[in-house]
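Asks: What follows is a single structure, and I will ask about it in a moment.
The values are calculated or read from the model by the stated rules, or taken from the named source; none is laboratory data. Every value quoted in this text rests on a predicted model; they were computed, and no experiment measured them. Every residue, glycine as well, gets a Cβ built from its backbone with ideal geometry; the counts of neighbours run over all protein chains shown.
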Amino acid sequence: MVDQLNWAGNYRYSSLELLEPKNLEEVKELVVNRRSIRVLGSRHSFNGIADTGGSHLSLRKMNRVIDLDREQNIVTVEGGIRYGDLCRYLNDHGCALHNLASLPHISVAGAVATATHGSGVHHASLASSVRAIELMKSDGEITVLTRGVDPEFDGAAVGLGGLGVVTKLTLDVVPSFQVSQTVYERLPFSALDSDIEDILSAAYSVSLFTNWAEPIFNQVWVKRKLGTNGEDEAPSHFFGALPAPEKRHMVSGQSVVNCSEQLGAPGPWYERLPHFRMDFTPSAGNELQSEYFIPRRHALEAIHALGKLSDLIAPLLFISEIRTIASDTFWMSPCYHQDSVGLHFTWKPEWERVRELIPLIEHELEPFGVRPHWAKLFMLEPERLQARYDRLADFRQLLLRYDPTGKFRNTFLDHYIMN
């Protein structure tokens with residue numbers, strides 16, 4: 001067996017071998033000759049979604065930028081490339097992506113497949129940038145699905161790793177831009193009662209952080225897109241919260257060197273939109289994570305509902321983040337056809353206690369049609385989870401059609417999708 005943990009150290013994979021092909025021909029040979037295989041990305045998941053009892057296939061050696069088409073405003077990359085590496089290339093060529101997740105360390109293919117997202121009321125998940133996907137199916141056949149052309153594209157984009165090996169992606173790009181980031185401190189929960197929409201939409205990206213120990217947001221990370229000349233100073237206050245006098249980490253006691261630049265200093269989009277720097281440890285490192293999505297219109301009610309559990313949440317928590325995501329059209333995206341708020345929990349590595357708390361959180365969020373992040377920790381029963389997805393039956397049929405022998409399926413997909 002391959003002795004390999006996920007990045008946070010809370011999950012041990014059960015695969016028999018780890019394969020690292022260098023080109024498409026090697027991928028085909030490995031896929032065709034394995035009975036059970038699963039792509040392992042950058043290991044930034046916290047449950048068994050990427051696991052397999054068979055062979056793990058890593059595309060980390062297939063991480064090239066293949067083509068940048070400035071006329072069509074698209075870039076084509078291999079499936080193993082990470083956002084941090086792609087972003088540097090794009091910025092050097094005067095281009096950008098519309099948004100980024102909090103970590104630049106993650107692989108593009110893995111983030112897209114799980115509907116991973118950034119923040120902003122106008123910004124859908126990272127999958128929304130995908131123009132086309134090149135996919136190797138279980139028999140080694142290559143197929144290309146294009147947005148607006150192939151009706152199955154919206155089912156395949158957030159494919160949860162079950163359709164095949166994503167060998168290439170073509171992404172939309174925009175002109176490079178500058179962003180400033182200012183951290184404001186101690187925003188009262190009560191400020192949301194009258195101004196929640198103004199707060200959530202106050203900048204290109206807004207992230208609210210709380211440890212639930214008090215009815216305040218300890219920090220608000222405000223990322224502002226700057227004009228061509230880099231003008232626009234950050235406001236001197238944010239709905240009553242004041243700017244931090246020095247650089248902050250959202251987790252108390254962690255080194256600020258890991259975090260992206262702050263204090264209103266302008267910089268390239270890819271150095272400000274993520275919370276963490278590419279070459280440093282993201283978040284707290286040794287941690288657990290959960291995230292839940294609800295319709296944005298219920299954000300205030302949900303925050304008040306979670307407040308009932310604050311005495312239980314706070315002792316087990318490093319930090320909690322609240323941010324917005326625009327709706328999309330991907331069948332298995334938690335933001336399918338709904339502008340959403342993500343309620344994120346970065347837990348201390350105390351799984352037995354966290355496992356007891358998670359059902360209480362899910363119970364409080366149940367009235368809002370809660371959907372969990374596919375790659376993080378949750379306890380929702382399959383039937384409740386499946387009821388949240390209008391196109392789940394269509395996705396199930398798509399899995400069966402693309403992978404009739406179940407070569408790419410695993411215990412996680414069997415439990416939550418095929419059950």
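Asks: Give the stretch 384-419 a look and list any residue that's over 15 Å from Pro372 (Cβ atoms) and small (Gly, Ala, Ser), or say none.
Replies: The answer is Ala393, Gly406.
Asks: Would you check which residues across the stretch 74-127 are assigned to a strand (DSSP E or B) and among the hydroxyl-bearing types (Ser, Thr, Tyr) and list them?
Replies: Within the stretch 74-127, Thr76, Ser107 meet the criteria.
Asks: Let me ask you something else. Residues of the stretch 131-149 being within 21 Å of the chain's Cα centre (by Cα) and within 17 Å of His337 (Cα to Cα), which ones?
Replies: Within the stretch 131-149, Arg147 is the sole residue that qualifies.
Asks: Now for a different question. Which one of the conditions (1) surrounded by 15 or more Cβ atoms within 10 Å (Cβ to Cβ); (2) under 14 Å from Phe293 (Cα atoms) does Glu366 fail to meet, given that it meets all the rest?
Replies: So the condition that Glu366 fails would be (1).
Asks: Determine if the stretch 229-241 includes at least one residue that is in contact with a Phe, Trp or Tyr (Cβ under 9 Å, 6 or more places away or on another chain), within 30 Å of Arg12 (Cα to Cα), at pLDDT 95 or above and not aliphatic (A, V, I, L, M).
Replies: No: the stretch 229-241 contains no residue that is in contact with a Phe, Trp or Tyr (Cβ under 9 Å, 6 or more places away or on another chain), within 30 Å of Arg12 (Cα to Cα), at pLDDT 95 or above and not aliphatic (A, V, I, L, M).
Asks: Please count how many residues of the stretch 79-122 are over 9 Å from the mean Cα position of the chain (by Cα), surrounded by 23 or more Cβ atoms within 10 Å (Cβ to Cβ) and at positive phi.
Replies: Going through the stretch 79-122 one residue at a time, the tally reaches 1.
Matching residues to (1) closer than 28 Å to Trp269 by Cβ; (2) hydroxyl-bearing (Ser, Thr, Tyr):
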residue	(1), (2)
Ser14	no, yes
Asn23	no, no
Arg60	yes, no
Asn99	yes, no
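Asks: Can you report the number of residues in the stretch 31-50 which are polar (S, T, N, Q), more than 12 Å from Tyr13 (Cα to Cα), modelled with pLDDT of 90 or more and in contact with a helix residue (DSSP H, G or I) (Cβ under 9 Å, 6 or more places away or on another chain)? Show your work before the answer.
Replies: So in the stretch 31-50, the residues polar (S, T, N, Q) come out as 33, 36, 42, 45, 47.
Remaining after also requiring more than 12 Å from Tyr13 (Cα to Cα): 33, 36, 42.
The next check asks that each one be modelled with pLDDT of 90 or more; those that pass are 33, 36.
Adding the requirement that they be in contact with a helix residue (DSSP H, G or I) (Cβ under 9 Å, 6 or more places away or on another chain) leaves none.
Count: 0.
Asks: Moving on. Which residues, taken from the stretch 71-104, are touching a His at 6+ places or on another chain (Cβ under 7 Å) and closer than 21 Å to Arg38 by Cβ? Give the steps one after another, and end with the answer.
Replies: Keep residues of the stretch 71-104 that are touching a His at 6+ places or on another chain (Cβ under 7 Å), which gives 82, 84, 98-99, 101-103.
Matches in the stretch 71-104: Arg82 only.
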